[in-house]
Amino acid sequence: MRIARGLCPRRLLLLLSAACIALMSLAPTAVAAPTDNRPASADVSFTSADGTRLNGTVFSPTAVGGDRPALVMVPGAGPGGRSELQAAAESYARLGIVALIYDKRTTGYSALHRDYSLLADDALAALRLLRDRPGVDRAGTGMWGLSEGAWAVSLAASRSADVSFVITAGAVGMEPSRQQAWAYGEYLAHAGVSGSLPHTMQGSLTRQLVGAGLFPEADYDPEPTWQHVRQPVLAEWGTLDREAAPQESSRIIARALYRGGNRHYTIRFVPNVRHNLNATRDHGFDRISRLPSDYADFEAAWIKRLSLGLPPRSIDPAPHQQRQTRALPPPVWYDAGQVQLAALCVLAFGFVGYPLCALARRVGKGRGRRVPPLRAARWLSGTGLAVFVGMPVYLLFLALTAASVTGPVLFGRTLPWLALQLMAVTVVGATVWTGVSWWHGRGRSGRADNVRLGLLFAAGLVFVPWGMYWGLLVL
């Protein structure tokens, strides 16, 4: 290609560049579409009825419009920070519903103390703040509660007509102790655990936690409260809910609403989601945080239809619940805290006292006569102490993790429980061995040795019924 005379390549390149710049300046400026589809948010604070100051965040639709329906979202059990429900609140806001989430109180709420009445007061205080915000439809402001939060929002709705509607996710219809015992069984069965451990978790452990005051609000009955809820209710459960006993809970809540004269409730089961309506990769037994793609679509449409009239009663068929919940049996004499404490004292004096006495003699350079059943006593003291300490620690760990962390299972038993059971059998054998050896060596031991051997042997004898009560000596 030939270039015209008098126009060198460098000058031609400069002219072409200038022309391109001029054309670009004449063209309309393109604006990149925002990649973040998050709704508008604003931090707020409010004061509950008892003076507790709570902090929250309001998520609002970004589209221009009139007053929007709104809801206060109350989380489930635990510390319940705003981050737990942020993704859910944003989903509602993207669908045109203003959503308020807030940090759960720390005063009057802990792992060992709950007061659902206080939580209801908190939700009502949040509702008052939300109703007074610009852009919120005061007549269309309701509450949403997850699991334990469902107890709080049902209480709030029964107290105030300002609550326009109620939505619950994974609501429990029976006493917390009964529901939790059932959930223990579900998680252990899923892990392949059989034998005595599920019965111990559902029976002895739950009764002792309740009796010791370590299970807050264990006997709370939500049914009477639901009978006083007059607002439209949308109660939802995941078909893979392994915590709320959905078949029974849905029946109890529907019956309570009907008995109270409420005919405007919807009982719905959401396919393929777990307790909190989140997605699951393990049939509802995992705890991943991932919302389904259509999360809040049905709920937002239900809320918006309320402006057209009250919804008719609608009940979905409940998914099959393989195991039914069971009420805790009434305590018997050996369930009493005094009896259990007495057994623990005997075990502690025997299993712990024997090696401590031996250590004291060694430090003090005592020259007492050698105890004949020393080897048997060492076995009894060592294995007894291991079970005495290990069993409560392991059961409390399972309780704190809601039996969702079991580890490997062998012969239908978790490895820690299998080890505890094997050691428990060893304790029984060592008790017999110690008793026989002590009898054969009678007369050759001093008074102090007889006392500590007597305490150790007594601990071994008490261990047998104690181990049976806790399932250690039960197949």
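The values are calculated or read from the model by the stated rules, or taken from the named source; none is laboratory data. The structure presented is a predicted model; accordingly, all values stated were derived computationally and were not measured. Note: accessible area is taken over every heavy atom of the protein model, side chains too, but ligands, DNA and RNA are not part of it. Shrake-Rupley method; radii C 1.70, N 1.55, O 1.52, S 1.80 Å.
Beta bridges from DSSP with both residues in the chain: antiparallel share about 35 percent, rounded to the nearest 5.
In segment 204-339, the portion of solvent-accessible area held by carbon and sulfur atoms comes to 53 percent [1.4 Å probe, whole percent, DNA, RNA and ligands not counted]. Counted over segment 29-149, the DSSP beta bridges are approximately 55% antiparallel. Shape summary: segment 72-220 maps onto an equivalent ellipsoid whose semi-axes, from the alpha-carbon gyration tensor, are 33, 17, 12 Å in decreasing order. What whole-number value in Å² describes the accessible area per residue of segment 380-471 for a 1.4 Å probe? Using a 1.4 Å probe on heavy atoms only, each residue of segment 380-471 averages 47 Å².
Please state the shape class of segment 225-335: rounded when a/c is under 1.5, otherwise prolate if a/b exceeds b/c and oblate if not, all from the C-alpha gyration tensor. Oblate, since a/c reaches 1.5 and b/c is not below a/b. Looking at the square roots a ≥ b ≥ c of the eigenvalues of the Cα gyration tensor of segment 185-256, which shape do they give, rounded for a/c under 1.5, prolate if a/b is larger than b/c, or oblate? Oblate, since a/c reaches 1.5 and b/c is not below a/b.
Within the chain, helices built from complete DSSP H runs that reach 24 Å or longer along their own axis (Cα positions) and carry a mean Kyte-Doolittle hydropathy of 0.0 or higher are 9-26, 374-400, 415-440, 447-469. Shape class of the chain from the Cα gyration tensor (axes a ≥ b ≥ c, square roots of the eigenvalues): prolate, since a/c reaches 1.5 or more and a/b is larger than b/c. The Cα atoms of segment 380-475 cover 53, 24, 19 Å along the three principal axes, with the biggest extent listed first. Calculated accessible area for segment 230-323 comes out at 49 Å² per residue, all protein chains present (probe 1.4 Å; ligands, DNA, RNA ignored). Using the 1.4 Å probe convention, the accessible area of segment 139-192 works out to 19 Å² per residue with neighbouring protein chains retained.
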